[in-house]
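The values are calculated or read from the model by the stated rules, or taken from the named source; none is laboratory data. What you see is a predicted model; the values in this text were computed from it and never measured. As a convention, Cβ positions derive from the backbone with ideal geometry for all residues, glycine included, and neighbour counts pool all protein chains shown. The protein model used for the area step is the full one, side chains on, heavy atoms only, and it has no ligands, DNA or RNA in it. Shrake-Rupley method; radii C 1.70, N 1.55, O 1.52, S 1.80 Å.
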Amino acid sequence: MAVPLGKPVFAQAFRYTAMYGPKPFPEALLIYLDNGSYKILSPGEEHYGSYVSATELAADAPPRHVSFLSWPADDWDRNVASHTLTFNVDTGAYIQTLVLPGDPVPHAQAGYALPIDDPTHIDMRASWEQVRVTYAEVFERLIAGERRRAAEGA
């Protein structure tokens, strides 16, 4: 069965402050597509999946609560994973719960996210290395925010 991918409608740069041990990648780019599919890229991940958002995705209305189910991919040992993210729209902070098949204990992750301007122009064929360069300014803003919070003791 072929699953058609949609077109980018929203995207976020992520900076994790608490990570799942086997996936210690502090940055990621998440691309939401218009048909409920998504793509995520990081230094150690590149896969697709499906999402359901509790709110409409739009540049002026960032997501609040989104559930994700990855499709089988090499970066998850050809299996699936479920992620639920809850965002604080005022601060960009998020908490993420990871559920793996056969693992009765969910894994908690957290961090901060910023939207990518004009996601309709994202190159869906680009590698992590390419998108990290393309969106370097957004990732650098996330790093600066992390440093600021650390200096403030937050």
In this structure, the FRET efficiency calculated for Glu46 and Val89 from their beta-carbon separation, with R0 = 35 Å, to the nearest 0.05, is 0.80
Per residue, accessible area of segment 39-154 with a 1.4 Å probe, heavy atoms of protein chains only, in Å², comes to 57 Å²
Probe 1.4 Å, all chains present, heavy atoms only: Thr134 accessible area in Å², nearest 10, is 90 Å²
PRE zone check, label point 7 Å out along Cα-to-Cβ of Ala110, amide N under 11 Å, scope segment 1-41, hits 17-19
Over the chain, the sum of -39500 (n - 2.57) across DSSP H runs of at least four, divided by residue number and rounded to 500 deg cm²/dmol, gives at 222 nm -5000 deg cm²/dmol
With a ≥ b ≥ c from the Cα gyration tensor eigenvalues, square-rooted, and the rule rounded for a/c under 1.5, otherwise prolate when a/b > b/c and oblate otherwise, the chain is rounded
Inter-part gap, Cα centre of segment 44-86 to Cα centre of segment 7-21, in whole angstrom, is 9 Å
Output ordering of 98-107, 73-82 (per-residue mean of other Cβ within 10 Å, highest first) is 73-82, 98-107
Rounded to the nearest 0.05, FRET efficiency between Thr97 and His121 (Cβ-Cβ, R0 30 Å) equals 0.45
Checked segment 80-154 with the C-alpha gyration tensor, a ≥ b ≥ c its square-rooted eigenvalues, rounded below a/c of 1.5, otherwise prolate if a/b is larger than b/c and oblate if not; verdict oblate
Ranking Asp123, Asp34 from most to least accessible area with a 1.4 Å probe gives Asp34, Asp123
With DSSP loop assignment and no more than 16 other C-beta atoms within 10 Å, the trypsin sites (Lys or Arg not before Pro) in segment 6-70 are Arg64
So the FRET efficiency between Asp74 and Ala54, C-beta based with R0 = 30 Å and rounded to 0.05, is 0.50
Of every hundred units of 1.4 Å-probe accessible area on segment 20-154, the number belonging to carbon and sulfur atoms, as a percent, is 55 percent
Relative contact order in percent for segment 1-105 (Cα pairs under 8 Å, 6+ apart) equals 16 percent
